[in-house]
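Worksheet: one structure, shown below.
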Amino acid sequence: MFPFDAHHPSIVGLDIGTASIKAVELRRAGKGWNLHRIGFKSLPPKAVTNGKIKDKEIVVQLLRDLWTEARFGSKRVAIAVGGPSVIIKRIQLPLMTELDLEDQISLEAEEHIPFDIEDVYLDFQILGRTGEQMDVLLSACKKELVDNRLEAPREAGLNPVLCDLDLFCVANAFESFCMPTAKKPQAKKTPPPEKGEKGEATALINIGSAHLNVAIIANGMPDFTRDHAFGSERMVQEIMQNQGISFEAAELLIQQHKESQNSAWPPENRTPIVQSFLDQLGNLVKQSVEFYQTGHTNQAVSTIYLSGGCAILPEMVSTLNEFLNLPVRTANPLAGVHGKIPTTVPAETSPSFMVAMGLAVRGDAK
């Protein structure tokens with residue numbers, strides 16, 4: 001997606017989120033990956049808002065500190081964007097070569113993108129061909145968002161070489177590090193289900209501070225994607241008001257198991273706030289799953305995987321499991337690599353590294 005350099009060996013996956021910066025550098029190890037370097041830095045409130053870097057000086061300094069402390073072997077980075085400035089659509093077009101599609105993509109996109117084509121970066125992927133038609137995954141992102149994301153890394157002395165979309169990074173990380181071996185896509189495409197049978201699909205739910213990414217994967221490909229302007233920020237704000245504490249202290253309370261909070265955050269204060277957040281989240285996920293299955297009657301969502309900084313909320317899995325009546329699991333991409341995770345990276349932050357890990361595998365880091 002949106003490459004700035006045709007060749008990109010030794011890439012560091014750099015995820016600048018709303019609440020934190022995550023960075024990962026991997027090295028190939030046979031068919032797997034070694035964790036070469038990893039780093040994590042918390043961001044102050046409002047340094048990044050609505051996907052845009054607002055306080056560039058702070059982000060630049062944190063990036064410099066991160067590269068010094070984690071000792072990354074490369075300054076070449078892959079970044080990610082997401083949110084309302086990103087559009088992903090699956091469209092059908094007349095059969096043509098990839099070269100012809102490159103020439104015509106701007107004209108085709110005008111019918112499907114609600115932005116001025118001159119104001120966006122475009123990319124596409126051909127998903128399959130049937131008869132005289134082909135399925136194409138069309139992606140567009142506002143140039144101002146991408147350009148904003150490039151400024152801070154460049155001022156920190158880094159070299160951004162490609163930009164991907166949050167949703168695709170989550171899907172890449174899941175396939176590379178979290179997908180059960182038996183369900184990994186094989187070299188040959190899985191044949192479509194027999195008439196009357198339903199194929200299995202997996203829903204990936206990435207819950208960050210400001211955005212909720214939903215991707216449904218079928219036969220190893222994104223079959224449905226959706227972004228929501230919903231995240232843990234609103235819950236943090238409620239906790240701050242309820243407890244009279246700082247943003248950082250409120251985030252720490254969310255990460256703690258409810259049994260250990262006791263007087264720090266009494267159940268009578270905690271339960272209404274957390275339950276309200278989980279109800280809203282459950283409804284958004286349920287709507288996405290139902291919408292997908294209405295238009296894909298030959299596929300059935302069989303499992304839901306959670307990732308992102310908010311996935312560590314203690315009640316998350318059990319509540320959504322009951323709400324959606326589907327198996328819900330937490331995805332931990334760091335469990336799928338070889339190597340020791342340094343103590344500077346808190347263990348509870350592992351699910352938040354999905355985007356960074358999905359970016360890191362884009363480099364042929366040998």
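For segment 213-256, what's the relative contact order in percent, using C-alpha pairs closer than 8 Å and at least 6 residues apart?
Relative contact order comes out at 23 percent.
Mean residue ellipticity at 222 nm from the helices of the chain, using -39,500 (n - 2.57) per DSSP H segment of n ≥ 4 over the full residue count, to the nearest 500 deg cm²/dmol?
Mean residue ellipticity, 222 nm, calculated: -10000 deg cm²/dmol.
Antiparallel as a % of all DSSP beta bridges within the chain, to the nearest 5?
70
How much of the pair distance distribution for the chain lies past 41 Å, counting alpha-carbon pairs only, in percent?
Within the chain, distances greater than 41 Å cover 10 percent of Cα pairs.
Heavy atoms of the protein only, probe of 1.4 Å, neighbouring chains included. What is the accessible area of Lys56 in Å², nearest 10?
Looks like 70 Å² after rounding.
Quick one: Debye curve from the alpha-carbon atoms of segment 304-366 only, equal weights, vacuum; give me log10 I(q)/I(0) at q = 0.12, 0.15 Å⁻¹ to two decimals.
-0.36, -0.54
In segment 260-352, which trypsin sites (Lys or Arg not before Pro) are in a loop and have at most 11 other Cβ atoms within 10 Å, using DSSP for the loop call?
Listed in order of number, the matching sites are Lys340.
Normalised by the number of residues in segment 275-366, what is the relative contact order in percent for Cα pairs under 8 Å and 6+ residues apart?
29
Label-point separation (nm) for Lys143 and Ile245, each offset 7 Å from Cα along Cα-to-Cβ?
With each label placed 7 Å out from Cα toward Cβ, I get 4.6 nm.
Report the paramagnetic label zone for Thr344: residues of segment 47-89 whose backbone N is under 19 Å from a point 7 Å from Cα along the Cα-to-Cβ axis.
The answer is 58-78, whose backbone nitrogens lie closer than 19 Å to the label point.
For a distance above 26 Å, tell me the whole-number percent of Cα pairs in segment 1-124 that qualify.
Cα-Cα pairs in segment 1-124 separated by more than 26 Å: 41 percent.
Given the pairs Lys22/Lys75; Lys75/Lys142; Lys46/Lys75; Lys22/Lys56, which are separated by over 18 angstrom at their Cα positions?
Lys75/Lys142; Lys46/Lys75, as the Cα separations exceed 18 Å there.
What pairs in Lys198/Lys286; Lys31/Lys286; Lys286/Lys340 have C-alpha atoms more than 29 Å from each other?
Correct reply: Lys31/Lys286; Lys286/Lys340.
Roughly how many Å² is the accessible area per residue of the chain, as a whole number, for a 1.4 Å probe?
Value for the chain: 47 Å² per residue.
Could you tell me what percent of the accessible area of segment 27-169 is made up of carbon and sulfur, with a 1.4 Å probe and every protein chain present?
Answer for segment 27-169: carbon and sulfur cover 43 percent of the accessible area.
Residue separation times 0.36 nm, minus the C-alpha to C-alpha distance between Glu102 and Asn321: what's the value?
Gain on extension, Glu102 to Asn321, equals 74.6 nm.
Have a look at Glu251, Glu175, Glu290 and tell me which one the Gaussian network model of the chain (Cα, springs below 10 Å) gives the largest fluctuation.
Answer for the Gaussian network model of the chain: Glu290.
Using R₀ = 35 Å, calculate the FRET efficiency as 1/(1 + (r/R₀)^6) where r is the Cβ-Cβ separation of Leu93 and Lys286; round to 0.05.
Approximately 0.65, to the nearest 0.05.
List the relative contact order of the chain as a percent without decimals, with contacts defined as Cα pairs under 8 Å and 6+ residues apart.
24
The values are calculated or read from the model by the stated rules, or taken from the named source; none is laboratory data. None of these values were measured; they are calculated from a predicted model. Note that we place each Cβ from the backbone using ideal geometry, even for glycine, and neighbour counts take in every protein chain shown. Please note that ligands, DNA and RNA were not included when accessible areas were found on the heavy atoms of the full protein model with its side chains. Shrake-Rupley method; radii C 1.70, N 1.55, O 1.52, S 1.80 Å.
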